[in-house]
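These notes concern the structure reproduced below.
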Amino acid sequence: MLFGLDPHLFAASVAVALFAGVVKGAVGFAMPMILISGLSVFLPAEVALAGLILATLLTNVAQAFRQGAAAAWESVVRYRLLIGCVVLAIGASAPLVTVLSDRVLYLLLGVPIAAFTISQLLGRQLILPARHRARAEVAMGLVGGFFGGISGVWGPPVIAYLLSFNTDKLEMVRVQGVVFLLGAVMLMAAHLGSGVLNAQTLPFSAALVVPAALGMWLGFRVQDRLDPNRFRRATLVVLTVAAANLIRKGLMG
């Protein structure tokens, strides 16, 4: 047994974490989505959720501070409303993890995100007027945080918000890192309280940090070579795949 798992299950978990890290390094997000989707294929849902927590937390430290502490703090100040709503909603929804139907939640999250990303890929770009920014931050922050507390995935609404305001590549990746980092801190605290992260699952979660970090380093090399248009398209493609997987899980269980 390795970290409470049969060796072949642990090896599969490492492979999922490595791949999740590569994708996150390349486009700035999707690690929790890939981890929860991949790990839950062969592990219980609560173990899969516990497994993604520390890798998500620590890789977002690297992403948030890649351009330095000053740039990270500037993002905190500029997006404080979005961040605050994400964090509050994660804390409020985490205790519901064993109460609500996963299938309904997956559909509620996946369908609108798929509609948004597909329309973008077809050339119908949504750029919201600046006057709607505060309302969009609150709405997307609360929606993302609500699902984040339950599933560990709060990226799609945040990414949709950033894309809708045509955020440039460097700022978008940094803001994602800051939002996801602070959300991950709340997620870890909430699930230490819920019991999902415990003496049995914490070592497993820690073990996935190394392959996730290695994958992210490889992904950074890809990201640095992407021009802004290709980066935006790659982000939309990953988001579409993630949304389709959420819909699949909602329909099939």
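The values are calculated or read from the model by the stated rules, or taken from the named source; none is laboratory data. It should be emphasised that the depicted structure is a prediction, and the values quoted were computed from it without experimental measurement. So basically every Cβ, Gly included, is an ideal-geometry build from the backbone, and we count neighbours across all protein chains shown.
For the reader, a short list of remarks on this structure follows.
- Top-ranked residue in the range 63-75 [being at pLDDT 90 or above and surrounded by fewer than 18 Cβ atoms within 10 Å (Cβ to Cβ); ranked as nearest to VAL22 (Cα to Cα)]: PHE65
- Residue satisfying all of: in the range 134-165; closer than 14 Å to GLN176 by Cβ and β-branched (Val, Ile, Thr); surrounded by the most Cβ atoms within 10 Å (Cβ to Cβ) among these: ILE159
- Scanning the range 186-221 for residues that are in a loop (DSSP other than H, G, I, E, B) and of a type in the set (Ser, Thr, Tyr) yields a count of 1.
- Residues that are polar (S, T, N, Q) and at pLDDT 85 or above within the range 76-126 comprise just one, SER93.
- Residues in the range 41-53 that are under 18 Å from LEU187 (Cα atoms) and either without any contact (Cβ under 8 Å) to a residue 24 or more places away in the chain or touching a Phe, Trp or Tyr at 6+ places or on another chain (Cβ under 9 Å) (or both): VAL47, ALA48, ALA50, GLY51.
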